[in-house]
Every structure is written in structure tokens, then in C-alpha cells.
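Encoded as C-alpha cells, the structure appears first; notes follow it.
The values are calculated or read from the model by the stated rules, or taken from the named source; none is laboratory data. Just so it is clear, the model here is predicted, and its values are computed rather than measured. Cβ atoms come from the backbone with ideal geometry, glycine included; neighbour counts cover every protein chain shown. Note: accessible area is taken over every heavy atom of the protein model, side chains too, but ligands, DNA and RNA are not part of it. Shrake-Rupley method; radii C 1.70, N 1.55, O 1.52, S 1.80 Å.
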Amino acid sequence: MKISIITPCYNEADNIENCILEVRNVMEDQLPSYEYEHIFTDNASKDNTVEIIRKFANKDHRIKLTINSRNVGPFKNMW
């Protein structure tokens with residue numbers, strides 16, 4: 001069974017690494033029998049949020065990234 005976690009983000013450079021690590025900890029410690037993917041949808045961040053996510057995605061196939069070309073707002077960002 002696979003769980004897909006979607007995390008919309010915008011200018012989250014200060015928080016994104018903690019988010020990635022906390023989700024990983026929860027999945028590995030509390031739900032070890034489940035596969036998961038952590039999908040980040042970036043809403044055209046102006047900081048280095050995307051670079052941080054890419055760094056983790058290059059090392060962990062469970063981390064995925066989509067990047068909006070413009071800011072579409074928090075709710076449309078997940079679609």
C-alpha cells in the first residue's frame with residue numbers, strides 16, 4: 001500500500017527541510033509497512049525552496065517536486 005503526501009509550498013526555505021525529515025520520521029517509525037511518496041508543489045517561490053527540495057529529491061526517490069510557473073494560490077497549487 002502506498003500513501004501520497006502532498007505539501008504545497010511557497011517561500012518555505014526556512015521550514016522545508018524540517019517538513020521532509022518529520023514526514024520521513026513519521027513514516028519510518030509509525031507506518032513502516034507503508035510505502036510513501038512526498039510530493040511538493042511549489043507555488044513559484046522566490047527563495048531557495050526549490051533548490052532544497054531538489055537536493056533531497058536527488059537522494060530520495062520518494063520525494064517529488066512540481067513547480068508552478070506562477071503563483072496560483074494555495075488551493076489551486078495542489079491540483
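Karplus couplings for the stretch 6-20 from phi (6.51 cos²θ - 1.76 cosθ + 1.60, θ = phi - 60°), rounded to Hz, Gly and Pro as x?
Each residue of the stretch 6-20 in turn: 10, 10, x, 8, 8, 6, 10, 4, 6, 10, 5, 4, 4, 4, 4 Hz.
Over the chain, calculate the relative contact order: mean separation of alpha carbon pairs under 8 Å at least 6 apart, over the residue count, as a percent.
Relative contact order, the chain: 38 percent.
With +1 on each Lys and Arg Cβ and -1 on each Asp and Glu Cβ, how big is the dipole of the stretch 4-44 about its Cα centre, in debye rounded to the nearest 20?
Dipole size: approximately 80 debye.
Output wanted: per-residue J couplings in Hz (rounded whole) for the stretch 26-36, from phi through Karplus 6.51 cos²θ - 1.76 cosθ + 1.60, θ = phi - 60°, x for Gly and Pro.
With coefficients 6.51, -1.76 and 1.60, one gets 4, 5, 6, 8, 9, 9, x, 8, 9, 7, 8 Hz.
What longest range of the chain stays clear of loop-exposed trypsin sites (Lys or Arg not before Pro) (DSSP non-H/G/I/E/B, at most 11 other C-beta within 10 angstrom)?
It runs 1-45.
What base-10 log of the normalised intensity I(q)/I(0) is obtained for the chain from the Debye formula, alpha carbons as equal point scatterers, at q = 0.21 Å⁻¹?
With one equal scatterer per Cα and no solvent, log10 I(q)/I(0) is -0.92.
Quick one: pull the percent of accessible area on the chain belonging to carbon and sulfur, 1.4 Å probe, ligands and nucleic acids left out.
Carbon with sulfur: 51 percent of the solvent-accessible area.
Would you please give the residues with an amide H less than 5 Å from that of Ile67, counting only those at least 5 places away or on a separate chain, with H modeled from the backbone geometry?
Asp42
Going by amide H atoms built from the backbone, whose H comes under 5 Å of the H on Ile39, apart from near neighbours?
Long-range HN contacts for Ile39: Ile5, Ile6, Thr7, Lys64.
On average, how much accessible surface per residue is there in the chain, in Å², for a 1.4 Å probe, leaving out ligands, DNA and RNA?
For the chain, the per-residue accessible area is 68 Å².
Quick one: dipole size for the chain, taken about the Cα centre, charges +1 on Lys/Arg Cβ and -1 on Asp/Glu Cβ, in debye to the nearest 20.
360
Can you check what the net charge comes to around Glu37, using other residues whose Cβ is under 15 Å from the Cβ of Glu37 (Lys, Arg +1; Asp, Glu -1)?
Result for the local shell: +2.
Which whole-Hz ³J(HN,Hα) couplings does the stretch 41-49 yield from phi under the Karplus relation 6.51 cos²θ - 1.76 cosθ + 1.60, θ = phi - 60°, glycine and proline marked x?
Using θ = phi - 60°, the values come out as 10, 8, 9, 6, 4, 9, 9, 9, 3 Hz.
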